[in-house]
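Nothing in this text is a laboratory measurement; each read-out follows from the coordinates by a stated rule. Predicted model, so just to flag it, every value in this text is computed and none were measured. Cβ sites come from the backbone with ideal geometry, for glycine too, and all protein chains shown count toward neighbours.
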Amino acid sequence: MIQRTPYADAFTYFVMILGFILLIGPFLVIIAGATQTLQQINSVPFRFMPQGQFLENASAAWARADLARAIGNSFVMAGLITVGKVVLSAMTAFAIVYFRSPLRHFFFWAVFITLMLPLEVRVVPTYNVAADMFEPFRLLIAFVTGIEVSVEWNLLNSYAGLTLPLIATATGTFLYRQFFMTLPDELAEAARMDGSGPVRFFFEMLLPLSRTNMLALTTIMFVYGWNQYLWPLLMVTDPTYKTTMMSLSALVPSENATPDWNVTLAGTLIIMTPPLLVVALLQRWFVRGLVATEK
């Protein structure tokens, strides 16, 4: 049994306050800098009190980085990635848990082991596939028939290229699998006795029960999709499809330009607002989906 003492409590609160300051400090700097004028942002020492120039700075950042188009593209990308990951991981976990295949554990571990392969590790082969979708089929046709086919199709500069290679997720499959395994076997047996098939059981029973897990995964995956930088940078050369993370480079002052970091920070604050709102709105279900034990 843990005994509480005044010194232990004081030390605990000190660590919590220190951690809070380290986490919230950069965000306060962004807010303060985004509301200052050019002279104020470049003055020494830095002023941590917000001023009254945010609307002017935000308007300049919005026009310079074309944030209207970039935010729209990021919403489409993050939304498609989120929906794809939530749906695909639920279906994968359902197949692994409820279909009595001798290889189901093998398939689960084959999916789970991909957690050790982040996008940065597999970016080259993934890009090769996205840049030429028909290459495997051309090689197969040439090997079987000896006929060279010149058909080409790529996913560059498209929403499909931004989202499809990122939809598969081992994290979501693991969360759904762990939840489905907590459900009693009598639930599936009762559904089977009532004449419910696998599709009906999945949509009418499992998905409503896994709502909190679904919302928790939605929160994680939306932030994941919104913050993607490396993959859009590789897939997009047309400014029509640029995302918010790519637009940050247009906000950073160049070496010989005016150091208007107030405009940069205002644009950064605009870009980080949507994921903050999603986390704030879904944080209750996010916590429930990750720590709840009573299903």
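Which length gain, in nm to one decimal place, applies between residue 38 and residue 15 when the Cα-Cα distance is subtracted from 0.36 nm times their residue separation?
Residue separation times 0.36 nm, minus the Cα-Cα distance, leaves 4.7 nm.
Given points 7 Å out from each Cα along the Cα-Cβ axis, report the residue 248 to residue 107 separation in nanometres with one decimal.
It is 3.8 nm.
Go ahead and collect, in residue order, the members of the range 47-79 whose backbone nitrogen is under 17 Å from a label point 7 Å along the Cα-Cβ direction of residue 277.
From the range 47-79, the list is 55, 58-59, 62, 67-79.
Which helices, taking whole DSSP H runs in the chain, have alpha carbons extending 24 angstrom or more along the helix axis plus mean Kyte-Doolittle at least 0.0?
6-34, 67-98, 261-291
Taking the Cα centre of the chain as the origin, how large is its charge dipole in debye, to the nearest 20, when only Lys and Arg (+1) and Asp and Glu (-1) carry charge on their Cβ atoms? Working shown, then result.
Working: 17 positive and 17 negative charges, 121 e Å.
So the magnitude is around 580 debye.
Of the peptides 36-43, 104-111, 88-95, how do they stack up when ordered by the mean number of other Cβ atoms within 10 Å, highest first?
Top of the packing list down: 88-95, 36-43, 104-111.
Would you report the distance distribution of C-alpha pairs in the range 85-241 as whole percents per 10 angstrom bin, up to the bin with the largest distance?
So the P(r) values, bin by bin, are 9, 29, 28, 22, 11, 1.
In Å and on Cα atoms, what radius of gyration and Dmax does the range 1-117 show?
Every Cα atom of the range 1-117 included, Rg and Dmax give 24.8, 69 Å.
Two decimals is fine: what's Rg over Rh for the chain, C-alpha atoms, Kirkwood radius as Rh?
Radius of gyration relative to Kirkwood radius: 1.07.
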